[in-house]
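Q: First, the structure itself, so that you have it in front of you.
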Amino acid sequence: TIIDGKRQVYGFSMDSAQDNILFAVSQHDIPGDLFILDSTGEKRLSWENEDALKDIELSIPQEFPIQAEDGTVLQGWIMKPVGSNDSSHPLVVEIHGGPHAMYSYGFMHEFQVLASKGYGVLYTNPRGSHGYGQTFVDAVRGQYGGIDYEDIMTTLDQAL
């Protein structure tokens, strides 16, 4: 592992000696900024969205495992509405398209808007999503709306 953490590294470049890595990160509370990894460690180089975010309260997703009926462990996240201490609130279940897309630890603007308007947001990577190996991706080939639907409904049941 060279760069780790619960975030999405969506671009990188190395110098010719491969001593320094410049990389672009998005995470739950950072829409996108630049970092560098050199011999002294990792340093953040930019704060491009700090002014826009300084007066905004964000909802930080809580990651949780989902146990599918066949034993497959899925990855899910739930975001509580901003400022809510109430355990009862409307919930939006976000379903990515593709089906071979993938939710990650990246900043999700749409989800933040929903959370700021009083909605909880639930999302997962059902079978067919990338990032979990080719067998996971192939599980929906020729049968969309089957096991992927079941995964989403299981995620909803377990979140509730």
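The values are calculated or read from the model by the stated rules, or taken from the named source; none is laboratory data. The structure presented is a predicted model; accordingly, all values stated were derived computationally and were not measured. So basically every Cβ, Gly included, is an ideal-geometry build from the backbone, and we count neighbours across all protein chains shown. Side chains are part of the model used for accessible areas, which takes the heavy atoms of the whole protein and leaves out ligands, DNA and RNA. Shrake-Rupley method; radii C 1.70, N 1.55, O 1.52, S 1.80 Å.
Q: Under 6 Å between Cβ atoms, which residue pairs at least 6 apart in sequence (or on different chains) link something in the range 121-143 that is in contact (Cβ under 8 Å) with a residue 40 or more places away in the chain with a partner that is open to solvent by less than 10 Å² (accessible area, probe 1.4 Å) and in a strand (DSSP E or B)?
A: Val121/Met79; Tyr123/Trp77; Thr124/Leu74; Thr124/Gly76
Q: Now for a different question. Working only within the range 64-90, note down all residues that are surrounded by 18 or more Cβ atoms within 10 Å (Cβ to Cβ) and farther than 22 Å from Leu53 by Cα.
A: Ile66, Leu74, Gln75, Gly76
Q: Right, another one. In this structure, is Leu122 of a type outside the set (Lys, Arg), open to solvent by less than 60 Å² (accessible area, probe 1.4 Å), modelled with pLDDT of 95 or more and under 14 Å from Leu58 (Cα atoms)?
A: Considered against the rule, which asks whether it is of a type outside the set (Lys, Arg), open to solvent by less than 60 Å² (accessible area, probe 1.4 Å), modelled with pLDDT of 95 or more and under 14 Å from Leu58 (Cα atoms), Leu122 comes out as no.
Q: Show the residue pairs meeting these rules: Cβ distance below 6 Å; 6+ apart or different chains; first residue within the range 5-22 and free of Cβ contacts under 8 Å to residues at least 60 places away in the same chain; second residue in a strand (DSSP E or B) and of a type in the set (Phe, Trp, Tyr).
A: Every condition considered, the pairs that remain are Val9/Phe23; Phe12/Phe23; Ile21/Phe12.
Q: Find the residue count for the range 103-160, including only residues that are in contact with a helix residue (DSSP H, G or I) (Cβ under 8 Å, 6 or more places away or on another chain) and not in a loop (DSSP other than H, G, I, E, B).
A: 4
Q: Looking at the range 34-66, which of its residues are more than 21 Å from the chain's Cα centre (by Cα) and in contact (Cβ under 8 Å) with a residue 24 or more places away in the chain?
A: Within the range 34-66, Leu37, Glu42 meet the criteria.
Q: When the range 67-102 is examined, which residues are found to be touching a residue at least 40 places away in the same chain (Cβ under 8 Å), in a loop (DSSP other than H, G, I, E, B) and over 18 Å from the mean Cα position of the chain (by Cα)?
A: The answer is Ala68, Glu69, Thr72.
Q: Limited to the range 18-33, what total is found for residues that are aliphatic (A, V, I, L, M) and within 18 Å of the chain's Cα centre (by Cα)?
A: Total satisfying the criteria: 3.
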